[in-house]
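Since the structure comes first, as C-alpha cells, the remarks are kept for the end.
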Amino acid sequence: MAEDFYNTLGISKEASDGEIKNAYRKMAMKYHPDRNQGDAKAEKKFKEVSNAYEILKDPQKKQAYDQYGHAAFEQGGMGGPGGFGQQGFGGFSDIFEDIFGMGGGGPKETRGDDLRYDIAVDLEEAFFGKNLESTISKMTACKENHSYKSCTTCDGYGKVRTQSGFFSMERTCGRCSGTGQEMKGRCGKCSNTGRVKENKKLKIKIPPGIETGNRIRMSGEGEAGELGGQNGDLYVFVKVNPNKIFERDKNNIICEVAIPFTTAALGGSIEVPTIEKKMVSINIPQGMQSGHKLRVKGKGMSILRTEQRGDMIVKVHAETPINLSAKQKKILTDLDSSLTKDNSKLSEGFFNKVKKMFN
Ligand SMILES: [Zn+2]
Ligand SMILES: [Zn+2]
C-alpha cells in the first residue's frame, strides 16, 4: 500500500492549494532525476511526490482521494482509461515545466515571427536621412468574427493523455493548441488558423548618419502571434550604396581631387564639392605633394543621433598636363633643366629614396 499522499508531500489534510503546490515544488526540485542522476531512491521518491501532487492539485481527484483513499484510483475506480493510477504521473519534462513555469501545459500563445526587411540607400540619403514607404507581405490577425466551441479532441481540457509503456504522459492538445477551444465552422479568410497573409504599407524612417550593417527595429511590426500572442518585430537591415565621388570612412568622407601640378607647386585655392552638393573652398599650400590629405572640419557625414558631422578628408593629386603646345613644352623643358641643376628645390622624391637605398 502506497504512503498517504499528504504524508508524501509532508503536509496536513487541511493544506491549502498554495501549500500543496509549494510543498510539491520543494520536493520535486529536491528529488528531480536531473539533479540526482543514478540515484534510484531519489527517483522513486520523485515519482511518489509527483504522483501525490497529480491527485491533490485536482479538486475533483482530491475529493475522491479524501473520501476513498487510494481505492479511488485503482483499476475500475474513477481513473478510467489511461487513468490516474500509481504510475500516472506526468512526464519529467511536464513536471519541470510545472516547476519552472515554462508554460505548464496550459494554452500556449506564441509570439509572432520577427521579420527582416533589407533596404539599400545612397550615401546622400544616409547623410540627410530619409522617410520612405514600403509594402511588405506578412501574417496578420484575421479580422473575421470567429465563434468557438469546445475542442472535440480534448473536450475543452486543452491536454490529452497518452500511455507510453510504464508512463502516462499529458500533452498539450494539438488540435486546439491547449486552448480547449476550436473555431466553429470554417473561416474562408484564414482557414481557421486565425492569421492571414496581408500586404501592409510600412513607413520607415532612416535617420541621418546610418551605416551599412545598422538595423532599425520596428516594434510589433513583425508577424501576428498565434492565439493572441504578441506580434513579432520588424528589423530593417540597411546597406549604404557606394558613391562615385565620396568614400565613407565612418563619420568622415574622403574625396579625391586632381589639381594642376602648377597649383601643387605654387599653392593656391581650389573648390571641392561636399556631400550636400555645395562647394567649399580650400587652400593648397605651396609645394603640396601628390597624395597628401587636407582636412575640412565638419564637412563629413552626419553622425547618427547627433547634430554633429565628421570631417571631409581631401586627397590631392597633382595632374600631369597632356597635349602640350610647343611653347608650353619649351617652358617645361627650361624648368626641367633648371630643376635638375638645382636638386635642392626638389623634395625627396622616389629617385632620391632609391639612391639612398643603393648607397
Ligand atoms: Zn483540444
Ligand atoms: Zn478567420
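Taken together, the values in this text are just the output of simple stated rules run on the coordinates, not laboratory data. Quantities reported herein were computed from a predicted structural model and do not represent experimental measurements. Counting neighbours? That spans all protein chains shown, and the Cβs are built from the backbone with ideal geometry, glycine included.
Quick notes
- Note: the chain, Cα convex hull, 298 Å³ per residue.
- Partnerless cysteines in the chain, where a partner means another cysteine C-beta under 4.7 angstrom, comprise 187, 255.
- Local charge for residue 300 was computed over the other residues whose Cβ lies under 12 Å away, with Lys and Arg +1 and Asp and Glu -1, and equals +2.
- Binned Cα-Cα distance frequencies in segment 191-301 - 5 Å width, integer %: 2, 9, 14, 13, 11, 9, 7, 7, 6, 5, 5, 4, 3, 2, 1, 1, 0
- Spread of Cα-to-Cα distances over 10 Å intervals beginning at zero, given as percent, for segment 272-314: 25, 48, 23, 5, 0
- Range of Cα positions in segment 120-247 per principal axis (Å), largest first: 73, 39, 18
- Cα centre as origin, Lys/Arg/Asp/Glu Cβ charges: the chain dipole, Debye: 1500 debye
- 186, 248, 215 arranged by Cβ crowding within 10 Å, fewest neighbours leading: 186, 215, 248
- Enclosing the Cα atoms of segment 7-56 in their convex hull gives a volume equal to 58 cubic angstrom per residue.
- Ordered by the count of other Cβ atoms within 10 Å of each Cβ, fewest first, 142, 176 give 142, 176.
- For a straight C-alpha distance cut-off of 30 angstrom, the lysines reachable from residue 355 (same-chain residues fewer than eight places away being disregarded) are 293, 315, 329, 330, 341, 345.
- Near the amide H of residue 235, within less than 5 Å, lie the amide hydrogens of 115, 116, 117, 218, all on another chain or at least 5 residues away, with H placed in the peptide plane.
- Sorted largest first, the principal axis extents computed over the alpha-carbon atoms of segment 246-358 equal 58, 38, 20 Å.
- Spatially proximal aspartates and glutamates relative to residue 189 (Cα-Cα < 15 Å; intrachain offsets below 8 disregarded): 144, 198
- Cross-link table 130/250; 138/244; 21/44, entries beyond 26 Å C-alpha to C-alpha: 138/244
- Candidates 139, 206, 185 compared by Cα position along the dipole of segment 132-206: farthest toward the positive end lies 206, with charges placed on Cβ.
- Ranked packing of 298-306, 35-43, 311-319, most packed first, by mean Cβ within 10 Å: 311-319, 298-306, 35-43
- Histogram of C-alpha separations across segment 147-186, 5 Å bin width, %: 7, 29, 25, 16, 11, 6, 3, 2
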